[in-house]
1. If residue 248 satisfies every condition in (1) away from the ligand (no atom under 12 Å from the Cβ); (2) in contact (Cβ under 8 Å) with a residue 40 or more places away in the chain but one, which is the exception?
2. Among the residues of the stretch 2-50, count how many are surrounded by fewer than 19 Cβ atoms within 10 Å (Cβ to Cβ) and on the phi > 0 side of the Ramachandran plot.
3. When you scan the stretch 132-246 for strands (runs of 3 or more DSSP E) that lie fully inside it, which ones turn up with 2 or more residues that are surrounded by 19 or more Cβ atoms within 10 Å (Cβ to Cβ) and modelled with pLDDT of 95 or more?
4. Tell me the residue from 116, 106 that is within 16 Å of the ligand (Cβ to nearest atom), touching a residue at least 60 places away in the same chain (Cβ under 8 Å) and outside any loop (DSSP other than H, G, I, E, B), please.
5. Quickly run through the stretch 51-74 and pick out the residues that are in a helix (DSSP H, G or I) and either at positive phi or buried (at least 17 other Cβ atoms within 10 Å of the Cβ) (or both).
6. If only one of 168, 128, 141, 148 is touching a strand residue (DSSP E or B) at 6+ places or on another chain (Cβ under 9 Å) and either within 16 Å of the ligand (Cβ to nearest atom) or free of Cβ contacts under 8 Å to residues at least 24 places away in the same chain (or both), which one is it?
Ligand code: SF4
């Protein structure tokens, strides 16, 4: 396929590592890209940095979503609209003081949206991974007349939604969140998703990296089954417990993010794990007696729940079902 630009998405996890190695083994010239969400474990950054060092493969292009303009528009909206809606001036001023870019993409996205993503509303993949990869790497290639092959480390065995994805598929490379005019333009570009691991098992993936002598991301040895956002909003109960016991500093970081996003939310409450996914619900979050306080619904409460034996199976089953909703995560395999 000469004339094609081959682009491998890297995440620091097992599947994208195997995909990078597969591209090297094929001997094709390729580029590799990593989208830094700002919500990653240090071990994941290390895994991304060392991959070209250990293999002699191409450097990995590091992209980060920038919400500077979106937050400026949000400030303008809050200053104009919130007073008309009767929001107290102190609340408006606090939001205006906080709605500035921090340089941490995940946090800036949540400040802009005044909420965190959720299992059913996963705008994070599009905004934090697919869009910056498109703007910074794919779009310049396509506008220069190149045809794109996007290598994705997706396996059929991962979920029902991924089970019938084809190995090679013509795609519109423009993320769903971008304007229709750009979508229409994207339909004219030649782009394919290529999924070389589609029929591989987890064991195949680890064995392949072992053959190249590439050490695994250290998080797998601790019991994490997938790496990427730390945690993902789709985090299982056991992973939550592991984070709480092994990495309390990450729980502290998320608790600080919850406080900041709550302060720019009109309702005054925003939690990392959405309340509609709350495994502790007795009467439903829409009931009058639902306790919205961060101490009841925030990350620290979820971590405490993760140490109990209550509700884990139902919660994980709910996430497994949500995972099968058609999303960019599934179509692009941008998140492990
Ligand atoms: S890993 Fe999870 S939280 Fe991170 S972008 Fe993907 S779906 Fe969102």
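The values are calculated or read from the model by the stated rules, or taken from the named source; none is laboratory data. Because the structure is predicted, anything quoted here is derived from the model rather than measured. Methodologically, a virtual Cβ is constructed for each residue, glycine included, from the backbone with ideal geometry; neighbour enumeration extends over all protein chains shown.
1. Every condition holds for residue 248 apart from (2).
2. Qualifying residue count, the stretch 2-50: 3.
3. Result: 147-151, 191-194.
4. Numbers: 116 fails: outside any loop (DSSP other than H, G, I, E, B).
Unique residue meeting the criteria: 106.
5. Once the filter is applied, which keeps residues that are in a helix (DSSP H, G or I) and either at positive phi or buried (at least 17 other Cβ atoms within 10 Å of the Cβ) (or both), the stretch 51-74 yields 51, 70, 71, 74.
6. Within the list 168, 128, 141, 148, the selection yields 128.
Residue-wise test of (1) more than 23 Å from the chain's Cα centre (by Cα); (2) in a helix (DSSP H, G or I); (3) surrounded by fewer than 19 Cβ atoms within 10 Å (Cβ to Cβ).
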{"residue": "81", "(1), (2), (3)": "yes, yes, yes"}
{"residue": "91", "(1), (2), (3)": "yes, yes, yes"}
{"residue": "102", "(1), (2), (3)": "no, no, yes"}
{"residue": "127", "(1), (2), (3)": "no, yes, no"}
